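This report refers to the structure that appears directly beneath it.
The values are calculated or read from the model by the stated rules, or taken from the named source; none is laboratory data. Computed from a predicted model, the values in this text were never measured in an experiment. Cβ placement follows ideal geometry from the backbone for every residue including glycine, while neighbour counts extend to all protein chains displayed.
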Amino acid sequence: MIIAERKERQVSILEAAENNQEFLRSIFMGCSNGTGHSKLQKYIEQVLFETPSFLKHHVGFGKGSVKELSGKFTNTLIRRQSEKNSNEVIIDLINNIVPYAVNVASPYFVGHMTSAIPPFMIQLKAIAAALNQNVVKLETSGVVSLVEKQVLAKIHRLIYRRTQDFYDHHVQNQDTTLGCFTEGGTVANITALWAARDALLAPRDGFGGVEKEGVEAGYRAYGIDRCIVLVSRLGHYSLRKAGGILGIGSENIIPVEVDENSRINIHSLAKKIEEIKSESSRNRLLAIVGIGGTTETGTIDPLKEMGEICAENGVHFHVDAAWGGPALLSEKYSYLLEGIDLADSVTIDGHKQFYMPMSSGMVYFKDPYIMNNVSYRANYIIRDGSGDLGIRSASGSREANSLILHSALRIMGARGYGLLVEHGIETARQLAEEIMRRPDFHLVTPPELNILTYQIYPEHYGRILEDSPDKEEIIYQNINEINRTIQRQQRECGIGFVSRTVLVNKNAPYREKVVLRIVIANPMTNMDILKEVIDEQEQIYKSILPGYELNL
Ligand SMILES: Cc1ncc(COP(=O)(O)O)c(C=O)c1O
């Protein structure tokens, strides 16, 4: 009896093991004859080969605010048993979650730096995911690490235009770093300032370098109390994150005033440098950052003048061209980035104007040896002399984004990317003209690249201000509130989406201006669409204006 029971139990354990094995096999080999397979196959074909149509028909139709939706996502238990096969779960995702995602590919979605990407990017992303290469080390990436070095050298050459001999020497050199792929512009900026910090507080006379001994020891060794980074007040907040992470202190990332064109004011910069020096001989300028396309206004700092100031003062010059870097590929507009080659380091985002899928950033270095201060090795991987890319980069395991950029450059050619840049800039200029034509619209920052900001500014408010200057404060508050409301109402129920931000002008009577912001980063966005978007804003404005007249 006991023996029979034991045998029965053994059989059921074996059966269970076989079932488990079968389950794992089906998971890893794919469920090609499971329920839902043919339906999913159609969806995947659409995603890969008819992306615009897939997005148009599936994304952004779900109704409900994020607050309402959050109620659907509160269960925190993981079920013990598989709920459905992978085909069915992916179909569920397409039916139940995708409709609530934001259709950033819509040509009416003109508010952010995230927009449509070409379908070939998605095909490449799928291949990169299938290959699952890990570029941290050659043993898990092989040729992909070589492609990465090559593509980094191509963009380095675009920025710095060094000699053929220079690139022949460095393109596959295992001991030098022309640049690194990162998760985005934030990590690229952090890496650039990391390199700058380690170069400033390098090993010397019994000091092993800041990388080994830390900031406090570094400051002691160099007789420093404070390291400072200067950047225009429109600098991206990732630089402050870098200040925190690198131990310099986010408060030592100091904003410099901008001029009426939203570019760093060179006189204010020079004055700030003098102030820092005269305040204490123990202050040290770690870096000055020029912006190649600010996040809020798309304007470009005077990079050449800034580069010269950095050279005179022996300061690391970083250019944050996360947004504008690809303008270098436009024969017509590359001049806007004149002086970028003076930078010691440059940030460029792949997922912005290289139109790569999320997420991909890059940082480039003028000195191919600068990252040697931050090289790390481990015995099981990234061994000495291995050429593993993880030795000198902030990231560890990393996907093969270089495969995507490598192919994208071949598909688009410099000219293709140039056309995208030109479309953005020229459409933004036409839109600026349209805004200036409308009496109740006021252009705040004209486009230098493909971003502009404006306000809806009731024409008669100008007259009220002339007659009753005491109403100035209420007028400015009204304008800010009107613009805030228009943006919110359009986002919630309109056809278009623009973003809003607050621009600060220290010299204006009311320092904070709420502005609407349009980013043109989709070649399908044209003037007809943009007119519809601002017509809609005008309608909202007319419907809400009476409510704001009561307090005047
Ligand atoms: C100028 C600039 N720098 C850095 C960043 C940060 O990039 P990411 O969001 O890719 O980390 C951005 C993002 O918008 C940016 O506009």
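Details
- Being within 11 Å of the ligand (Cβ to nearest atom), touching a strand residue (DSSP E or B) at 6+ places or on another chain (Cβ under 9 Å) and in a strand (DSSP E or B) is a property that residue 229 lacks.
- Residue, surrounded by the fewest Cβ atoms within 10 Å (Cβ to Cβ), within region 236-264, restricted to residues that are part of a loop (DSSP other than H, G, I, E, B) and touching a helix residue (DSSP H, G or I) at 6+ places or on another chain (Cβ under 9 Å): 237
- Looking only at residues in region 274-309 that are touching a residue at least 60 places away in the same chain (Cβ under 8 Å) and hydroxyl-bearing (Ser, Thr, Tyr), the one that is nearest to the ligand (Cβ to nearest atom) is 295.
- Pick from region 18-46, criterion assigned to a loop (DSSP other than H, G, I, E, B) and of a type outside the set (Ser, Thr, Tyr), ranking: surrounded by the fewest Cβ atoms within 10 Å (Cβ to Cβ): 33
- For residue 287, the stated conditions do not hold, so it cannot be described as farther than 16 Å from residue 315 by Cα, assigned by TED's automatic domain parsing to the domain that holds residue 305, modelled with pLDDT of 95 or more and surrounded by 15 or more Cβ atoms within 10 Å (Cβ to Cβ).
- Looking across 261, 265, one residue alone is more than 16 Å from the ligand (Cβ to nearest atom) and modelled with pLDDT under 95. It is 261.
- Residue within region 399-414 that is of a type in the set (S, T, N, Q) and at pLDDT below 95 present: no
- Residue list for region 310-331, filter: within 16 Å of the ligand (Cβ to nearest atom) and either part of a loop (DSSP other than H, G, I, E, B) or of a type outside the set (Phe, Trp, Tyr) (or both): 318, 319, 320, 321, 322, 323, 324, 325, 326, 327, 328
- Checking 148, 183 one by one, the residue that is more than 13 Å from residue 366 (Cα to Cα), buried (at least 22 other Cβ atoms within 10 Å of the Cβ) and among the acidic types (Asp, Glu) is 148 and no other.
- In region 67-92, residue farthest from the chain's Cα centre (by Cα) [restricted to those that are assigned to a helix (DSSP H, G or I) and surrounded by fewer than 11 Cβ atoms within 10 Å (Cβ to Cβ)]: 68
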